[in-house]
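Report on one structure; see the data block that follows.
The values are calculated or read from the model by the stated rules, or taken from the named source; none is laboratory data. Only a predicted model underlies this, so the values are computations on that prediction, with no experimental measurement involved. Every residue, glycine among them, receives a Cβ derived from its backbone with ideal geometry; neighbour counts consider all protein chains shown. The accessibility values were calculated without ligands, DNA or RNA, using every heavy atom of the protein model including side chains. Shrake-Rupley method; radii C 1.70, N 1.55, O 1.52, S 1.80 Å.
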Amino acid sequence: MTQKKRIRRPVNGVLVLDKPRGMSSNAALQKVRWLLNAEKAGHTGSLDPLATGVLPLCFGEATKFSQFLLDADKAYDTVLQLGVTTTTADAEGEVLERREVTSGQAELEAVLPRFTGPIKQVPPMYSALKKDGQPLYKLARAGEVVEREPRSVTIHRLQLLALDADRASLHVACSKGTYVRTLAEDIGAALGCGAHVAELRRTQAGPFSLPQAITLAQLEEAFEAGGNEALDAFLLPVDSGLQDWPQVHLSEHSAYYWLHGQPVRAPGAPAFGSVRVYDHQGQFIGIGDMTDDARVAPRRLIRSQ
């Protein structure tokens, strides 16, 4: 018997998933997409399979703005296992070396300021970054190690939450592109004992935080009770990831021309920068950039929802 092709439906919005441990970000995305039966979907930056927590998933028109969430600051709670280094810098790797841990709370707190503010990180080999079109993690699995250029990142906050023998709990608030695994390795090296990430939980991604996050179990329960449309209640608006952007409201006349690609005057708009744009009915219609003559030029439009 020929299996009937599933017809996907248009779904627009952002769902903040509490990603479970042991699942890749893409596998989590595809699972939620299947539950929603959504036409178009994308995530906003991978979490390692080891990691849990905030993973914003964009559907439909919201995918047009996923890049801005990729670029957003993040926050994590992590547990460092001191005295043990691994091939992947986390608990999923093979142990490379074990050393005695002689540092206490005072030594650890004295080291942390070195890694606060603008710093340089060498990306780990076990990462999705590419070298000559090949992901680094594939080269690493083949036993290859290639030179990686240090990258500039910013650690906004690095706080010791607890130290229990050889396990240190930290809170990290950081810029995009920060590898907490690399941070763990570097802290361990500074202490002279080595370290790796034993646990990692993302608590914030841009404007989204854990209290907004929905588990897969909650989604599956809602699906069993009411089908894929019951999951629409968990969706946040398309513009929910842009809430820190200035907003501009256009008249019906201006919105018409703006949606046809023309810059228009926007009373009360900022003098420069990017803005989120709404029509006379308060409907989000896209994002734009302010021009030198106090007009807002369209950058990315959304279809009527």
Point to revise | Count - residues of the stretch 1-44 that are touching a helix residue (DSSP H, G or I) at 6+ places or on another chain (Cβ under 9 Å) and within 25 Å of Arg303 (Cβ to Cβ) | key: 23
Check your understanding: Is it the case that the stretch 215-235 has a residue that's at pLDDT 95 or above, within 21 Å of the chain's Cα centre (by Cα) and assigned to a strand (DSSP E or B)?
Key -> no
Study note, to complete from the structure: Going through (1) assigned to a helix (DSSP H, G or I); (2) at positive phi one by one, Pro113 fails only at (2)
Review point. Does any residue in the stretch 96-120 that is more than 18 Å from Leu158 (Cβ to Cβ) come within less than 8 Å, Cβ to Cβ, of a residue that is modelled with pLDDT under 95 and of a type in the set (A, V, I, L, M, F, W, C) six or more places away or on a different chain, and which pairs are these?
Key: Val101/Ala165
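Restricting attention to the stretch 174-193, which residues are among the small types (Gly, Ala, Ser) and open to solvent by 10 Å² or more (accessible area, probe 1.4 Å)? Show your work before the answer.
At the first step, the residues of the stretch 174-193 found to be among the small types (Gly, Ala, Ser) are 175, 177, 184, 188-190, 192.
The answer is Ser175, Gly177, Ala189, Ala190, Gly192.
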Check your understanding: What number of residues in the stretch 230-252 are without any contact (Cβ under 8 Å) to a residue 12 or more places away in the chain and either open to solvent by 60 Å² or more (accessible area, probe 1.4 Å) or within 25 Å of His171 (Cα to Cα) (or both)?
Key -> 1
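Out of the stretch 146-156, which residues are assigned to a strand (DSSP E or B) and either on the phi > 0 side of the Ramachandran plot or loosely packed, with under 11 Cβ neighbours inside 10 Å (or both)? Let's see the steps before the verdict.
Looking only at the stretch 146-156, we keep the residues that are assigned to a strand (DSSP E or B), and these are 151-156.
Passing the criteria: only Ser152.
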